[in-house]
Amino acid sequence: MGRWFNLTYPTATVLLAIRAGHRYGFDIMDATGLPDGTVYPILRRLERGGVLEGAWEDEARARSEQRPRRRYYRLTSVGDEALGEVIERFPALHRIFETGTA
Amino acid sequence: MVPGSRIVRCAARLVPARRREEWRREWEAEAAYAWRLRGDGSRSRLDALRLRVRVLSCVIDALWERKETMTMTGLFNDARFAVRSLLRYPTFTVIAVTTLAPCPSRTPTDWCPCSTWGAKDATSFPCRTASFSCTRSR
């Protein structure tokens, strides 16, 4: 099945960051080093395309830390498929997230 | 008050109403978490400024949401597609415009619609009444 979105470098970076365990918006910004205004539109687009799934974190945890609930993102099965292509097309980027070195 | 919350509230006005509440909650939660990480005692003015700068990116996100909603609207999408197609195929554009443009005839009542019969794919085309009579008489 054809991909509906362009697999650009920033998109690939966001997908790899989420796979590496950075699931919240600001965490993804920090992990990717992308300009702040870039990350959220990518997240929205990927979520609408079914590549990512957004959900609100557990209320008890947020309450215990006296803060509002954050929204986190995780890969769907479509996202896992897209990730295979990311690894194939951006091997150096994948190595950075795997080992911390290019 | 968490730095940047006012920016989020202002930017939320740009977000389409059906998405606004959730969008605002997400950004406020991120800002609150980031502010909490700084620790109560060690927060400086510079930290507050940094957080505000980061939160400013929510304006781009809000504009993106707005644009996306407009794009999803069928009419806007159709118009955009039509313009793109016409620009991509100029020959087709010329043919379409000359075919569909209003008839320059001074007596539009001279024109009548004609159709082909018998064939599998019946077609309809405009024809001058005089030409039709001439063709029919053959």
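Descriptive notes on the structure:
- Criterion (in contact with a helix residue (DSSP H, G or I) (Cβ under 6 Å, 6 or more places away or on another chain), within 27 Å of A:Trp56 (Cα to Cα) and at pLDDT 80 or above) met by exactly one of B:Arg66, B:Arg20, B:Arg52: B:Arg20
- Subset of the range B:23-41 [surrounded by fewer than 16 Cβ atoms within 10 Å (Cβ to Cβ), in a helix (DSSP H, G or I) and more than 8 Å from chain A (Cβ to nearest Cβ)]: B:Leu37
- The range A:67-80: number of residues that are assigned to a helix (DSSP H, G or I) and within 11 Å of another protein chain (Cβ to nearest Cβ): 0
- Enumeration of residues in the range A:10-66 that are surrounded by fewer than 20 Cβ atoms within 10 Å (Cβ to Cβ), touching a Ser or Thr at 6+ places or on another chain (Cβ under 9 Å) and assigned to a loop (DSSP other than H, G, I, E, B): A:Gly33, A:Leu34, A:Pro35, A:Gly50
- The condition (being part of a helix (DSSP H, G or I), among the β-branched types (Val, Ile, Thr) and modelled with pLDDT under 90) is satisfied by just one residue among A:Ile87, A:Ile96: A:Ile96.
The values are calculated or read from the model by the stated rules, or taken from the named source; none is laboratory data. Note that the coordinates shown come from a computational prediction; the quantities given were computed from them, not determined experimentally. Neighbour counts are summed over all protein chains in view; Cβ atoms, including those assigned to glycine, are modelled from backbone coordinates with ideal geometry.
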